[in-house]
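Just below is one structure, and these are the notes that go with it.
The values are calculated or read from the model by the stated rules, or taken from the named source; none is laboratory data. Note that this is a predicted model, so its numbers are computed, not measured. Here the Cβ is made from the backbone with ideal geometry for all residues, glycine too, and neighbour counts use every protein chain on show. Side chains included, ligands, DNA and RNA excluded: accessible areas come from the protein's heavy atoms. Shrake-Rupley method; radii C 1.70, N 1.55, O 1.52, S 1.80 Å.
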Protein chains: 2
Amino acid sequence: MRQRPALSPIIAALPSTVPFVGPEAQERERGRAFRARIGANESSFGPSPRVIARMERVARDQWMYCDPDNYELKVAAAAHHDVAVENVVVGEGIDGLLSLVARMYVAPGDAVVTSLGAYPTFNFHIAGVGGRLATVPYENDRESLDGLLEAVVKERAPLVYLSNPDNPMGSWWEAKEVIRFIEALPETTMLVLDEAYGELGPASALPAIDISRPNVIRMRTFSKAYGLAGIRCGYAIAEAEVIRDFEKIRNHYGVSRMAQIAGVEALADQAYLETVVARVAAGRRRIADIAEQNGLKPLASATNFVTIDCGHDGPFALKVLQGLLSRDVFIRKPMAPGLDRCIRVSVGLDHELDVFAWELPGALAAARGN
Amino acid sequence: MRQRPALSPIIAALPSTVPFVGPEAQERERGRAFRARIGANESSFGPSPRVIARMERVARDQWMYCDPDNYELKVAAAAHHDVAVENVVVGEGIDGLLSLVARMYVAPGDAVVTSLGAYPTFNFHIAGVGGRLATVPYENDRESLDGLLEAVVKERAPLVYLSNPDNPMGSWWEAKEVIRFIEALPETTMLVLDEAYGELGPASALPAIDISRPNVIRMRTFSKAYGLAGIRCGYAIAEAEVIRDFEKIRNHYGVSRMAQIAGVEALADQAYLETVVARVAAGRRRIADIAEQNGLKPLASATNFVTIDCGHDGPFALKVLQGLLSRDVFIRKPMAPGLDRCIRVSVGLDHELDVFAWELPGALAAARGN
C-alpha cells in the first residue's frame, strides 16, 4: 500500500463537496440549454459598448502579462471613489478578495460572524482557513445589524460580513444605520462590507467612504451593474495599511490583463451605467408584476434581482424552483430556514422575462400538485 | 489611539515588500516605454490567430460568469494529455495553483525544498502559509536533483519544487533523470513539477504522464508557448484524489470566462504552436549569436529565453542589466549567488532582438567602465 503526501490539518478537515454549481453544469446534466438565464444575478444587458470595443481591440495583446500592480485600474477606481491609489486593491472578483481577507484576519478556530443564509462563498473561504462560523438569522428578510453586533461581541470575532444591499434577499439598510453599526463595532473587529450591488440600489444605502477607519473593507465588483461577471474583477477600498497587508499574500498576477483594461473602460462610461441602472429598475418592476399576477409576494429589492415569497414553506418554493428549471428557466433560491420560502429571479432581457412570465403559472400549478 | 484588527499570526510575520515588479511599473518610473519587451519570458509572437478571433467574438459575452468547473477547458486539456477530466484542475496561472498547493501541503513551520534562485513566486506562496524554505544551490547551472532529494529527506519536507525546463537558467534534465528523482522521493513528499516551458524544449525532457502516482503534480500554462500570459490561466495534472483536494479551497470563479475559452481554442491549434516553437528556437540561436559576438557565453536553453553568462561577477552582470534597461531594453537577471553572473533575455520579435543587438555593446562597455 502506497503512502500519500498528507494534507495540512486545516485542509484535511474540509469537505470535498463544494457549493458551486453553475448553470453550465446544470445544462450539461440536463442535456439542453436554458431559455432564460436569470439565476446568477448577472447583467443580461452586458457591458458598455465602449468596453466591448476595447476588449476586442486588445484581444491580440494578451501575450503580455498583466500589470501586477493593477495600477491603471486602481487609479481609475480611486478617482471614481475620491480616495487615493493607496486605498484600493484589485482582486479576482470579490470572491478572490474574500479568500485573502479570510487568510489575513482569521486564525484557525476563530469565530467569524455572518448572517444565516448570506453569501456562501464567504463561508467557504472562512472554512478554508479553519475559521468557525457564527451565524445570525435574518430579521424581516434583512440582515440583523443588532444581531450581528451582539454575535461579534459574544464571540470576540475578528471578522464580520455584511452585504448591503443584501444577497439573496435584495433588502438593504440605509447608510445611517450601517454607520451606526460600524461605530458600534469593536475596533479590533474587521468588517467586510460587500457592496457588490451598490450601484443598483438607492444612493442613500451607501455610507460615505471613510478610509481613515482601519476596520472596514468596502468591496465593489464589475460583475453586477457593469456587466462583466466573466472577467473576474473586483476591488476593495480601505485604509492604506489594510490595503498594504493584502500585498503580502495576494496573487499579484491573478487579475487578467483584459480584466484590468475592461475595468478602466467600464468606470469611464458612467452614462452607460445609468442606462443599466434604469433598465434594472424596470426589470425589477416587471418581475414584481409577474409575481403579483401569480399571487406571489415580491420583496422590495435594491439589487438586480427580485426575491419572491412563494407564500408557503421551503419545500414548496423548492418545487417552484424545480418546476422552472425543468421548464428551461434558470433561477436560484435561498436555502436557509426562514428565507427558503422564496425564489430569486435576476433581471434579464425582455424575452427572458417573457419566458419566466409564461412558465411561472405551470411551475406553480405543478408545485401545488394541480 | 485607535486599535486595529489584528492580522493572523502568519500574515503579521510577513514582509510588506513583495518581489513583483512588472515592466509597466518600470516604465511608469522611467517615464517612457521600453523599445524591446524581452524580460518576462512572454511570447512576443502572441496567441494563435484562431484564439484572437475567438476572443474578439466572445468579448460581448463576458457578462456571464465563467463556468466554475472550467469544464470545457479541463476536457480539452485532458484529451491533449491523454488523461481523464478528473486528473485536471485549472487555476489563475501556475501562480494561482502554487498558492493552493502551499495551503494544501504546508503547515506552519514545515520545511519546503526548492533551488536557491528558482521561481520566487513559489517562495512567496510558501512564506504566505508560514512555511520555511530549505534551498539547494544549482549545480552547473542546473537544479541539483541529488541535492533536492537530500534536502527533502533531511528536512522531512512535505513539498518540493522542481522546474523542468528551468527558469531562470533555461537548463533541463532528461525525462529519465526526472523519473529517477521521482522514484527516489519519499512517497509522503509532494513534488510540484513546474513545466511552464514544457512545450519549448526537447520532448525527451518530459516524462510520460503517470496519474497513478499520488505525489506528483505537473503544471502547465498558457502563458509561455501559447502566448497568453495576460489571460492568467494554467492547469495542473495529477492523480484524481489530489485534484479533488484542490476543490476544497480554490476560488471556483477565479479563472475568467475569456481565459477558459481562449485556452480551449489554443489547445486546438497545435499547428500554430509548432510554428511558435520553431520561431522560439530561431530566436534562441539569434540571442546566442548576439551574445557570442559580444564575447559572452550563452547557456543552452530549453525555454523561450537565453541566459547569458557575462563572464564576471554579479555586480558586473547587474551593471549590464542596468545599462540595457537605461537603453530601453527590458530584460531580467538571476540574483542568486552563482547564477547572478548572468542576464536573461527572452526571445522577442526580430525588431526587438535588433534593438538588443544594437544596445548590448554599449551596455557592456559602460559596465566595463569604458
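Quick notes on this structure:
- The protein assembly as shown, accessible surface, carbon-and-sulfur percent (1.4 angstrom probe): 53 percent
- Extreme residue, positive dipole direction of the range B:49-268, given options B:SER115, B:ALA259, B:ALA225 (C-beta unit charges): B:ALA259
- Taken residue by residue and averaged, Cβ atoms of other chains lying within 10 Å of the Cβ of B:336-344 number 0.
- A simple packing score, the average count of other Cβ atoms within 10 Å per residue, orders the peptides B:87-100, B:106-119 as B:87-100, B:106-119, with the highest score first.
- Dividing the radius of gyration of the alpha carbons in chain B by their Kirkwood radius gives 0.97 for Rg/Rh.
- Accessible surface comparison of A:LYS319, B:LYS74, probe 1.4 Å, protein chains only, largest first: the order is A:LYS319, B:LYS74.
- Taking all Cα-Cα distances within the range B:49-268, those exceeding 32 Å account for 16%.
- Accessible area buried, both sides summed, chains A and B with 1.4 Å probe, Å²: 7500 Å²
- Chain B: calculated mean residue ellipticity at 222 nm from DSSP helix runs of at least 4, using -39500 (n - 2.57): -12500 deg cm²/dmol
- Rounded to the nearest angstrom and listed largest first, the equivalent-ellipsoid semi-axes of the range B:118-218 from its Cα gyration tensor are 20, 16, 13.
- Among residues other than B:VAL51 with Cβ under 13 Å from its Cβ, the summed charge is 0 (Lys and Arg +1, Asp and Glu -1).
- Neighbouring partner chain Cβ atoms per residue of B:126-132, average, 10 Å criterion: 2
- Burial here means at least 20 square angstrom less accessible surface with every protein chain in place than with the chain by itself, probed at 1.4 Å; in the range A:10-24 the buried residues are A:ILE11, A:LEU14, A:SER16, A:VAL18, A:PHE20, A:GLY22, A:GLU24.
- The protein assembly as shown, accessible area per residue, ligands and nucleic acids excluded (1.4 Å, Å²): 36 Å²
- Pairs beyond 23 Å (Cα-Cα), from A:LYS297/A:LYS333; B:LYS224/B:LYS333; A:LYS74/B:LYS333: A:LYS74/B:LYS333
- Value of relative contact order over the range A:81-192, rounded to a whole percent, pairs C-alpha under 8 Å and six or more apart: 25 percent
- Peptide-level mean, for A:259-272, of C-beta atoms on other protein chains within 10 Å: 1
- Cβ-based net charge around B:LYS74, under 10 Å, with every Lys or Arg adding one and every Asp or Glu removing one: -4
- Within-14-Å neighbourhood charge of B:SER212 [Cβ basis; K, R +1; D, E -1]: -3
- Computed label-point distance, nm, for sites B:GLU241 and B:ALA84 using a 7 Å Cα→Cβ extension: 1.4 nm
- For the range A:1-148, a Kirkwood radius taken over Cα pairs fed into Stokes-Einstein (20 °C, viscosity 1.002 mPa s) yields D = 108 µm²/s.
- Taking the range A:49-269 and dividing mean pair separation by its residue count, relative contact order in percent (alpha carbons under 8 Å, at least six apart): 29 percent
- Residue among A:SER301, A:VAL355, A:ILE126 farthest towards the positive dipole end of the protein assembly as shown, charges placed on Cβ: A:VAL355
- Intensity falloff of the protein assembly as shown expressed as log10 I(q)/I(0), Debye formula with alpha-carbon point scatterers, at q = 0.07, 0.11 Å⁻¹: -0.50, -1.20
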